[in-house]
Structures are given as structure tokens and as C-alpha cells.
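**Q** Let me begin by handing over the structure; questions about it come next.
The values are calculated or read from the model by the stated rules, or taken from the named source; none is laboratory data. Owing to the predicted nature of the structure, the values given are computational and were not obtained by experimental measurement. Positions of Cβ are backbone-derived with ideal geometry, glycine not excepted, and every protein chain shown enters the neighbour counts. Just so you know, the surface numbers come from the protein's heavy atoms only, side chains and all, with ligands and any DNA or RNA stripped out. Shrake-Rupley method; radii C 1.70, N 1.55, O 1.52, S 1.80 Å.
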Amino acid sequence: MSPTPKPGILEISPYVPGRSSAPGAASVCKLSSNESPLGPSPHVSAALDEAKASLSLYPEGSARLLREAIGEFFNLDPARIVASGDGSDALLTMLANAHLRPGDEVIFSEHAFLVFKIATLANSAVPVMVPEQTTGSGIKVDVDKMLAALTPKTRMVYVANPNNPTGTFLTSAEMRRLHAGLPDDVLLVIDAAYSEYVTAKDYEAGMEMSSRYPNVAMTRTFSKLYGLAGLRIGWMHASAAVCDAINRIRGPFNTTLMQQLAGVAALKDRDHFWAAIRHNNQWLAWITAEIRSLGLQVDDSAANFVLIHFPKGKKSAAEADAFLMKHGVILRGVASYGLPDCLRMTVGTEAQNRLAVSLIQQFMAE
Ligand SMILES: Cc1ncc(COP(=O)(O)O)c(C=O)c1O
């Protein structure tokens with residue numbers, strides 16, 4: 001007999017990241033992973049230099065300095081923050097590891113972030129994937145259907161807000177209605193990886209909810225707006241009891257000194273923070289309008305990417321993808337999210353945005 005993984009593990013389709021090379025193309029324009037076109041704050045490289053002097057020493061295990069900086073920036077209690085050195089992905093997984101027993105049910109939406117399913121199956125729990133609704137703003141999480149999927153076996157509900165890959169969001173009122181319909185012992189995990197980008201007045205990232213309700217955890221990341229995807233820094237805010245559970249199972253030194261100091265430096269640079277938001281607002285609107293003017297449907301995105309719908313058959317998403325790849329432009333195919341007729345495009349630099357849009361124009365005109 002050979003060692004056998006737990007039930008569920010072999011049902012997992014391993015996460016496939018956005019592609020980063022376009023074989024044969026002279027140059028590459030990567031718009032497949034929702035990374036920041038502005039890169040990190042210049043303050044980060046000084047912080048990394050500072051960390052170099054202490055590489056032989058273990059870092060402070062709880063990322064205290066980083067948690068304090070996050071607490072100050074967002075007006076949160078640092079004692080109710082847990083940091084992660086493997087992105088917010090690891091926190092989404094640890095929340096599942098800490099709360100799920102075999103056979104428990106976990107609710108998330110049909111086109112939700114793939115890590116939710118992986119974390120569920122890794123704990124021999126049962127993914128309950130709920131259809132989304134088509135609204136005037138695009139494909140969106142359906143609160144009523146999420147609530148209708150509750151059973152006595154439900155232990156967790158994951159919602160990415162805004163959602164990846166649609167970019168649509170639940171309003172504050174909708175998120176609160178979802179929470180109000182959950183029993184107290186069901187954990188609502190709000191994955192707010194793209195929350196910094198959202199400008200809508202009727203949106204909230206979830207901090208007030210994770211401050212007030214013991215059954216709400218909010219996860220965040222430095223990978224998107226702060227331009228630090230390569231450093232893998234994430235954090236979560238939740239009740240003292242949920243944080244206590246995660247602190248018991250996380251690695252003893254789960255953030256490096258480099259990650260801690262880089263995160264602190266990134267938060268200090270408010271100019272960079274606002275520049276990234278301004279850039280995104282400008283180009284998100286431009287890309288959306290340009291692509292819609294070609295007759296293609298684009299969901300209303302509140303994040304740093306757009307979901308583009310292509311026709312079935314002629315001018316399909318697969319054909320568009322092949323055409324763009326030939327010219328070195330890499331978007332994200334989202335068939336694994338149940339959206340085979342769509343491509344997701346990240347907001348890039350001005351030059352990248354203009355290149356990608358002009359190639360999509362050419363593709364549609366051919
Ligand atoms: C919705 C969502 N949540 C979480 C993450 C993961 O972020 P991190 O880099 O912090 O692991 C991503 C990254 O693509 C995402 O799209």
C-alpha cells in the first residue's frame with residue numbers, strides 16, 4: 001500500500017497562474033495576473049536593503065511592525081490582524097484548515113476565485129458552487145441564491161469582493177444582507193484583494209463587519225495596488241477568536257523580515273498609493289469604453305481588470321487569445337472559472353493598454 005492523500009485532494013485541479021511568456025513574439029506585454037503597472041513604491045527598495053543586514057536572524061514571528069502599520073493605516077486593532085508571507089491565498093487556505101471538518105459544506109459563487117475550491121477540497125469538505133446572476137452591470141454574485149444554498153452542514157461562505165474574474169462587486173447593503181442571513185457559527189470570509197481600487201460609494205471592504213461580527217474575516221493583499229506580488233504579503237482582520245485559531249496553525253515565522261519592512265514602507269508612501277488609484281480609474285474607464293465600442297460586452301469592473309465577453313464561434317475568445325499571443329499580448333483565459341467565452345485583461349501601463357486595445361480592434365476588424 002502506498003501513502004494516500006485525504007479525500008478531496010485528488011479532485012483538486014492545481015491552480016494555474018496567468019501565463020507570462022508568448023513563444024515566438026518579439027516582446028511580451030503581460031496583462032494576465034492583475035499586477036500593478038506602476039510597480040511598488042520606491043521606498044520599498046530601501047526597506048529591502050535594510051532587511052539585508054539581518055538575514056542571518058529569524059524575523060519577529062508575528063509581523064508586529066507590519067500589523068501595527070496596517071492597524072494605523074486602516075484604523076484597526078493590530079491584535080486582530082494576522083499577516084501571511086504566502087499572500088492572502090495562504091490565509092484563505094488557513095481559514096479553511098482551521099474551521100472545516102470532512103463533509104462540511106462551503107458556499108461560494110460559480111465564477112469565484114479558484115483558491116476557495118482548492119482550500120475546501122484540501123480539507124475533505126464539499127464545495128457548494130452557487131450560480132451567479134446576469135445584471136445590467138455584468139455577471140454578479142447572487143445573495144439570494146447563496147442564502148438558499150445554506151444547509152445545517154454549511155460551515156463557511158467565501159465571497160471575493162470585488163470578484164475575480166468578473167470585477168463586479170456586492171454593495172455594502174448586499175454584503176450585509178448576506179451576513180444577516182447566516183447562522184452565527186458560519187464563517188463569512190470576505191476576500192477584499194481588490195478593495196483599494198473600488199471608488200463606488202455603496203461599497204465597503206468589510207473592515208467594519210470584521211470588527212463587529214465574530215463570524216466575519218476579511219483578507220487583504222499587498223500584491224495588487226501596492227505592486228508587491230513578487231513579495232507575497234497578505235493579511236487578514238477578524239475576531240480575536242478567529243485570529244487565535246490561525247495563529248495556532250500558521251508557520252512560526254510565516255513572514256520574512258523583508259516582507260515585514262517592505263509592507264511598512266509601502267503603506268507609508270501615500271503618494272504612490274493615490275497615484276496607483278488614479279492610474280487605474282483613468283485606464284479602467286478608457287479600456288472599458290474602447291472595448292465596448294467594438295460591440296463586445298465588458299462587465300462593469302470595480303477592480304484593476306476587465307472581463308471581456310467574445311462571441312461563440314467566429315471571433316471567439318480562443319481565437320482572440322491566439323491572435324493576441326502571436327503579438328506578444330497575454331491576457332487571461334478564464335475557462336477554468338467557468339467562463340470559456342471570456343478573456344480577462346489587467347489594466348496595464350498606458351502603452352500596454354493602447355497596444356492591447358488596438359490589437360483587439362484589429363482582431364475584430366479582420
Ligand atoms: C480574488 C483574489 N483573492 C486573492 C488573491 C491572491 O492574492 P495574494 O497574492 O495575496 O495571494 C487574488 C490574486 O489573484 C485574487 O484575485
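**Q** If the requirement is being more than 16 Å from the ligand (Cβ to nearest atom) and not in a loop (DSSP other than H, G, I, E, B), which of these qualifies: 10, 76, 95, 66?
**A** Step by step, each of 10, 76, 95, 66 is checked, and only 10 is more than 16 Å from the ligand (Cβ to nearest atom) and not in a loop (DSSP other than H, G, I, E, B).
**Q** When only residues in region 41-56 that are assigned to a loop (DSSP other than H, G, I, E, B) and open to solvent by less than 80 Å² (accessible area, probe 1.4 Å) count, which is nearest to residue 350 (Cα to Cα)?
**A** Filtering region 41-56 for residues that are assigned to a loop (DSSP other than H, G, I, E, B) and open to solvent by less than 80 Å² (accessible area, probe 1.4 Å), the one nearest to residue 350 (Cα to Cα) comes out as 41.
**Q** Output the residue which, of all residues in region 199-236 that are more than 11 Å from the ligand (Cβ to nearest atom) and under 13 Å from the mean Cα position of the chain (by Cα), is farthest from residue 181 (Cα to Cα).
**A** Looking at the filtered set, the residue picked out is 225.
**Q** Looking at 135, 151, which is the one that is over 20 Å from the mean Cα position of the chain (by Cα), open to solvent by 40 Å² or more (accessible area, probe 1.4 Å) and at pLDDT below 95? Before you say what the answer is, go through the steps one by one.
**A** Values: 151 fails: at pLDDT below 95.
Checking each option against the conditions leaves just 135.
**Q** While we're here: All but one of (1) away from the ligand (no atom under 14 Å from the Cβ); (2) in contact with a helix residue (DSSP H, G or I) (Cβ under 6 Å, 6 or more places away or on another chain); (3) open to solvent by less than 50 Å² (accessible area, probe 1.4 Å) hold for residue 83, so report the exception by its number.
**A** (1) is the only condition that residue 83 fails.
**Q** Which residue pairs have Cβ atoms closer than 6 Å, lie 6 or more positions apart in sequence or on different chains, and pair a first residue in region 32-52 that is more than 16 Å from the ligand (Cβ to nearest atom) with a second residue that is assigned to a loop (DSSP other than H, G, I, E, B) and open to solvent by less than 60 Å² (accessible area, probe 1.4 Å)?
**A** 38/227; 41/269; 43/269
**Q** Can you confirm whether residue 294 is within 18 Å of residue 361 (Cα to Cα), open to solvent by less than 20 Å² (accessible area, probe 1.4 Å) and either free of Cβ contacts under 8 Å to residues at least 60 places away in the same chain or not β-branched (Val, Ile, Thr) (or both)? Break it down into steps so the answer makes sense when it comes.
**A** Working: within 18 Å of residue 361 (Cα to Cα): yes; open to solvent by less than 20 Å² (accessible area, probe 1.4 Å): no; either free of Cβ contacts under 8 Å to residues at least 60 places away in the same chain or not β-branched (Val, Ile, Thr) (or both): yes.
The answer is no for residue 294.
**Q** Something else now. Considering only residues of region 120-132 that are within 22 Å of residue 17 (Cβ to Cβ) and of a type in the set (A, V, I, L, M), which is most open to solvent (accessible area, probe 1.4 Å)? Before you say what the answer is, go through the steps one by one.
**A** Let us first name the residues in region 120-132 that are within 22 Å of residue 17 (Cβ to Cβ), namely 120-122, 127, 129.
Adding the requirement that they be of a type in the set (A, V, I, L, M) leaves 121-122, 129.
On the way: 121: 9, 122: 25, 129: 90 Å².
Looking at residues that are within 22 Å of residue 17 (Cβ to Cβ) and of a type in the set (A, V, I, L, M), I get 129.
**Q** Residue by residue through region 98-137, note down the ones that are more than 16 Å from the ligand (Cβ to nearest atom) and of a type in the set (Gly, Ala, Ser).
**A** Of everything in region 98-137, those that are more than 16 Å from the ligand (Cβ to nearest atom) and of a type in the set (Gly, Ala, Ser) turn out to be 98, 103, 124, 125, 136, 137.
**Q** Quick one: in region 1-40, which of the residues that are of a type in the set (Lys, Arg) and closer than 22 Å to residue 165 by Cβ is least open to solvent (accessible area, probe 1.4 Å)?
**A** The first filter runs over region 1-40 and keeps only residues of a type in the set (Lys, Arg), leaving 6, 19, 30.
After this cut, where a residue has to be closer than 22 Å to residue 165 by Cβ as well, the list is 19, 30.
Values: 19: 87, 30: 58 Å².
Residue satisfying both the conditions and the ranking: 30.
**Q** Oh, and also: Among the residues of region 267-288, is any in contact (Cβ under 8 Å) with a residue 60 or more places away in the chain, hydrophobic (A, V, I, L, M, F, W, C) and under 30 Å from residue 187 (Cα atoms)?
**A** Yes, region 267-288 has at least one match.
**Q** A follow-up question, please. Can you name the residue in region 334-350 that is touching a residue at least 60 places away in the same chain (Cβ under 8 Å), farther than 17 Å from residue 291 by Cβ and assigned to a helix (DSSP H, G or I) and is also most open to solvent (accessible area, probe 1.4 Å) among such residues?
**A** Among them, the one singled out is 336.
**Q** Okay, next question. Return a yes/no flag: does region 309-329 have any residue that is surrounded by 21 or more Cβ atoms within 10 Å (Cβ to Cβ), within 21 Å of the chain's Cα centre (by Cα), within 23 Å of residue 35 (Cβ to Cβ) and β-branched (Val, Ile, Thr).
**A** Within region 309-329, not a single residue is surrounded by 21 or more Cβ atoms within 10 Å (Cβ to Cβ), within 21 Å of the chain's Cα centre (by Cα), within 23 Å of residue 35 (Cβ to Cβ) and β-branched (Val, Ile, Thr).
**Q** Something else: What about residue 238, is it hydrophobic (A, V, I, L, M, F, W, C), over 24 Å from residue 345 (Cβ atoms), in contact (Cβ under 8 Å) with a residue 12 or more places away in the chain and open to solvent by less than 30 Å² (accessible area, probe 1.4 Å)?
**A** Yes.
**Q** Does residue 98 count as open to solvent by 30 Å² or more (accessible area, probe 1.4 Å) and at pLDDT below 95?
**A** It is false that residue 98 is open to solvent by 30 Å² or more (accessible area, probe 1.4 Å) and at pLDDT below 95.
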